[in-house]
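See structure below.
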């Protein structure tokens, strides 16, 4: 039988070890909880999720109405009672999955707009998923004045989550994990995502705004150049071939062009670059470029270029070359990364590894429709492209 002293010593050791384990568990759990919710993890990005809010500022959004005092602090987007208005994405989306984490003040009112236009208020010229715990006719989650939601708890002054699945006329909404809407409405097919500031008495906060565009179809079969044309100058040493399921581009100038022309779309590419002379390999994804007949022009493709260059410089990966720099370096050489491109009318946005990289609105609307070109830039650059996917989009309009 153990002595009382031995039992006491064992108990103390257990409490010390247990205390440290609890402390470490809290630290690990806390670190996990403290991760910036605006950042899309690599596994989710590989599934197609991208962030609409970067956790830092309102890049990629436009302000409408009187509510202009949107601020970002510690990764939270906030508006404190500055009147009616909304933030709308520059990008346009059609079918998608959307996740938004939000919080409103006591008695507060807000909403999440989707497939919204800007010709009228977005709950008329688009869909609104309501945020209002006290609204008896359109409780939180309702598609305002279209599809009423089943009421579930969504407490004011606490973080809540709305999930929206919009595919064709089908709309499914979940609030805090519970399905509250499952219906059909074909009034709108394309438009912006929006966050509402309803009135002077409400405070609204958002911290996680992720979207996954749906309906993308593969442009590249992973085997050969079906659907593409390789364009290489006769006097240049350029090698473009399929290797281990990817398009391998070495040398330049030259490019691979799509056989189809595209205007409004959301596209997604999987890319890897190799280092080059203490720098990075250089390439670019050209969109809405002209198609030259025969071999009249074989150099670099033309059109609007989303840069591929993983080094600090004037234009790095995700930047719109000559027009808008990327907000940061989100990819590195020798590692596969994803680039998303959204182009509708004269508005362009890019994402790299799920993070918003560059947004540009062309005041001259100079690029309308054309090829997608994968650039061979220079003799020493080596680039791999795989996983090219695209869904065609359309400008916003009301159907009925």
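Give the residue, chosen from 86, 70, that is surrounded by 23 or more Cβ atoms within 10 Å (Cβ to Cβ) and touching a strand residue (DSSP E or B) at 6+ places or on another chain (Cβ under 6 Å).
Going through 86, 70 in turn, the sole match is 86.
Within the range 163-186, which residues are under 20 Å from residue 264 (Cα atoms) and surrounded by fewer than 22 Cβ atoms within 10 Å (Cβ to Cβ)?
Within the range 163-186, 167, 168 meet the criteria.
So, in the range 361-398, exactly how many residues are free of Cβ contacts under 8 Å to residues at least 24 places away in the same chain and on the phi < 0 side of the Ramachandran plot?
Residues meeting the conditions: 3.
Select, from 209, 181, the only residue that is closer than 20 Å to residue 103 by Cβ and part of a strand (DSSP E or B).
209
Within the range 348-370, is there a residue that is farther than 22 Å from residue 90 by Cβ and in contact with a strand residue (DSSP E or B) (Cβ under 8 Å, 6 or more places away or on another chain)? Steps first, answer last, please.
First pass over the range 348-370, keeping only residues farther than 22 Å from residue 90 by Cβ: none.
No: zero hits.
Among the candidates 193, 271, single out the residue that is within 25 Å of residue 117 (Cβ to Cβ), part of a strand (DSSP E or B) and at pLDDT 95 or above.
193
Look at the range 279-293 and say how many of its residues are part of a loop (DSSP other than H, G, I, E, B), modelled with pLDDT of 90 or more and surrounded by fewer than 24 Cβ atoms within 10 Å (Cβ to Cβ). Quick ask: steps written out before the conclusion?
Filtering the range 279-293 down to residues part of a loop (DSSP other than H, G, I, E, B) leaves 281-282, 290-293.
When the remaining residues are screened for being modelled with pLDDT of 90 or more, the result is 281-282, 290-291.
After this cut, where a residue has to be surrounded by fewer than 24 Cβ atoms within 10 Å (Cβ to Cβ) as well, the list is 282, 290-291.
Adding up the residues that qualify gives 3.
Which ones in the range 50-63 are on the phi < 0 side of the Ramachandran plot and either crowded, with 18+ Cβ neighbours inside 10 Å or in a helix (DSSP H, G or I) (or both)?
50, 51, 52, 53, 54, 61
Kindly list the number of the only condition in (1) at pLDDT 95 or above; (2) farther than 30 Å from residue 269 by Cβ; (3) not in a loop (DSSP other than H, G, I, E, B) that fails for residue 140.
Exception for residue 140: condition (3).
Take the conditions part of a loop (DSSP other than H, G, I, E, B) and in contact with a strand residue (DSSP E or B) (Cβ under 6 Å, 6 or more places away or on another chain) and apply them to residue 311. Does it pass?
Details: part of a loop (DSSP other than H, G, I, E, B): yes; in contact with a strand residue (DSSP E or B) (Cβ under 6 Å, 6 or more places away or on another chain): yes.
Judged against the criteria, residue 311 is a match.
Residues of the range 230-249 being assigned to a strand (DSSP E or B) and either outside the structural domain of residue 372 (by TED's automatic domain parsing) or free of Cβ contacts under 8 Å to residues at least 12 places away in the same chain (or both), which ones? Working first, answer last.
First, the residues of the range 230-249 that are assigned to a strand (DSSP E or B): 230-231, 238-243, 246-249.
Passing the criteria: only 241.
Rundown of residues vs (1) under 15 Å from residue 267 (Cα atoms); (2) at pLDDT 95 or above; (3) surrounded by 23 or more Cβ atoms within 10 Å (Cβ to Cβ); (4) more than 15 Å from the chain's Cα centre (by Cα), yes/no style:
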position: 312; (1), (2), (3), (4): no, no, no, yes
position: 335; (1), (2), (3), (4): no, yes, no, yes
position: 342; (1), (2), (3), (4): yes, yes, yes, no
position: 362; (1), (2), (3), (4): no, yes, no, yes
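With respect to residue 104, determine if the residue is buried (at least 22 other Cβ atoms within 10 Å of the Cβ), within 14 Å of the chain's Cα centre (by Cα), farther than 28 Å from residue 362 by Cα and at pLDDT 80 or above. Let's see the steps before the verdict.
Details: buried (at least 22 other Cβ atoms within 10 Å of the Cβ): yes; within 14 Å of the chain's Cα centre (by Cα): no; farther than 28 Å from residue 362 by Cα: yes; at pLDDT 80 or above: yes.
No; evaluated as a whole, the condition is false for this residue.
Looking at the range 146-165, which of its residues are under 16 Å from residue 134 (Cα atoms), in a loop (DSSP other than H, G, I, E, B), touching a residue at least 24 places away in the same chain (Cβ under 8 Å) and under 28 Å from the mean Cα position of the chain (by Cα)?
Of everything in the range 146-165, those that are under 16 Å from residue 134 (Cα atoms), in a loop (DSSP other than H, G, I, E, B), touching a residue at least 24 places away in the same chain (Cβ under 8 Å) and under 28 Å from the mean Cα position of the chain (by Cα) turn out to be 149, 156, 157, 158.
The values are calculated or read from the model by the stated rules, or taken from the named source; none is laboratory data. The shown structure was predicted, so the numbers you read here are calculated from the model rather than taken from an experiment. Cβ coordinates were reconstructed from backbone atoms using ideal geometry, including for glycine residues, and neighbour counts include every protein chain displayed.
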